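Visitor: My structure is below; once you've seen it, I'll send some questions.
The values are calculated or read from the model by the stated rules, or taken from the named source; none is laboratory data. Computed from a predicted model, the values in this text were never measured in an experiment. Heads up, the Cβs are rebuilt from the backbone with ideal geometry, glycines too, and the neighbour counts pull from every protein chain shown.
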Amino acid sequence: MHFSIRRAIAADFPFVVRLEERVFEPNRRESRRSLLRSLRSPHQEVWIAVDERGAPVGVLVLRVFLHTIRIYSIGVDPIRQGEGIGSRLLEWGVERACARRSDRISLEVDARDQRLVRFYAGKRFSPVCTLPDYYGPGAHGLRMVRRIAVCECGDARSPVTVGAGDDEN
């Protein structure tokens, strides 16, 4: 199936909330307030995957730092999972990192979810540290990073101004 990716608009908010509720466990969901902040923040980008009819099917939330793009969230409608939408949203995040002249793109994943860890490793993300109790007591996170090489960005590294002090460690 064909789909495209566009910047989220205010009218997408109900879909973003519904998808958050359908995809993530209750203790890992963002609040409505936090999701609204993501849509309005100059330091975040929210992208929507839409199908050929224009119906939203997935969401990518990025946090923008001076040298890093952090993938805060990727979600795909459960009935559309397995169609490559999540992979394409992930690659869109890499393209955004190139466009913003970022050196790397990072994300966190539940260290127990080895299927997802392998998925990200297959997309050239490498584990850099364990985050003890990140998802709750005994539920460790794993920070994974993909370095962005100039050669993979082509001409996409256009100049972008980012405020000082926005760098993620």
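Visitor: For region 46-83, enumerate the residues that are part of a strand (DSSP E or B) and of a type in the set (Val, Ile, Thr).
Guide: Answer for region 46-83, where residues must be part of a strand (DSSP E or B) and of a type in the set (Val, Ile, Thr): 46, 48, 50, 57, 59, 61, 64, 68, 69, 71, 74, 76.
Visitor: Still on this structure: Using the structure shown, decide if residue 11 is more than 17 Å from the chain's Cα centre (by Cα), among the small types (Gly, Ala, Ser) and closer than 21 Å to residue 83 by Cβ.
Guide: So residue 11 fails the test.
Visitor: Filter region 118-143 down to residues that are in contact with a strand residue (DSSP E or B) (Cβ under 6 Å, 6 or more places away or on another chain) and hydrophobic (A, V, I, L, M, F, W, C), then give me how many there are.
Guide: Residues flagged as in contact with a strand residue (DSSP E or B) (Cβ under 6 Å, 6 or more places away or on another chain) and hydrophobic (A, V, I, L, M, F, W, C) within region 118-143 amount to 5.
Visitor: For region 88-96, does any single residue satisfy the condition of being of a type outside the set (Phe, Trp, Tyr), over 12 Å from the mean Cα position of the chain (by Cα) and either at pLDDT below 95 or at negative phi (or both)?
Guide: no
Visitor: Which of the residues belonging to region 101-139 are within 16 Å of the chain's Cα centre (by Cα) and of a type in the set (A, V, I, L, M)?
Guide: Those that are within 16 Å of the chain's Cα centre (by Cα) and of a type in the set (A, V, I, L, M): 105, 107, 109, 116, 117, 121.
Visitor: Kindly indicate the residue of region 98-108 that is modelled with pLDDT under 95 and not charged (D, E, K, R) and also nearest to residue 27 (Cα to Cα) among those meeting that condition.
Guide: Selected residue: 102.
Visitor: Something else about it: Farther than 25 Å from residue 97 by Cβ and either hydroxyl-bearing (Ser, Thr, Tyr) or under 13 Å from the mean Cα position of the chain (by Cα) (or both): which single residue out of 31, 38 fits that description?
Guide: 31 is the lone residue from the list that is farther than 25 Å from residue 97 by Cβ and either hydroxyl-bearing (Ser, Thr, Tyr) or under 13 Å from the mean Cα position of the chain (by Cα) (or both).
Visitor: Pick from region 84-120 the residues that are among the β-branched types (Val, Ile, Thr) and part of a strand (DSSP E or B): which of them is surrounded by the fewest Cβ atoms within 10 Å (Cβ to Cβ)?
Guide: Looking at residues that are among the β-branched types (Val, Ile, Thr) and part of a strand (DSSP E or B), I get 109.
Visitor: Going through region 81-108 one residue at a time, which ones are touching a Phe, Trp or Tyr at 6+ places or on another chain (Cβ under 9 Å), over 19 Å from residue 148 (Cβ atoms) and without any contact (Cβ under 8 Å) to a residue 60 or more places away in the chain?
Guide: 84, 86
Visitor: Only one of these is of a type outside the set (Lys, Arg), out of contact with any helix residue (DSSP H, G or I) (no Cβ under 7 Å at 6 or more places or on another chain) and within 17 Å of residue 81 (Cα to Cα): 41, 4. Name it.
Guide: Working: 41 fails: within 17 Å of residue 81 (Cα to Cα).
Unique residue meeting the criteria: 4.
Visitor: Take residue 150 and decide whether it is under 19 Å from the mean Cα position of the chain (by Cα) and modelled with pLDDT of 50 or more.
Guide: Working: under 19 Å from the mean Cα position of the chain (by Cα): no; modelled with pLDDT of 50 or more: yes.
Criteria not met by residue 150.
Visitor: Could you say which residue among 14, 56 is at pLDDT 95 or above, surrounded by fewer than 17 Cβ atoms within 10 Å (Cβ to Cβ) and over 27 Å from residue 148 (Cβ atoms)? First the steps, then the outcome.
Guide: Details: 56 fails: surrounded by fewer than 17 Cβ atoms within 10 Å (Cβ to Cβ).
Just a single option satisfies the conditions, and that option is 14.
Visitor: Shifting gears a bit: Quick check on my filter: what residues within region 22-45 are assigned to a helix (DSSP H, G or I) and surrounded by 12 or more Cβ atoms within 10 Å (Cβ to Cβ)?
Guide: 22, 23, 28, 32, 34, 35, 36, 37, 38, 39
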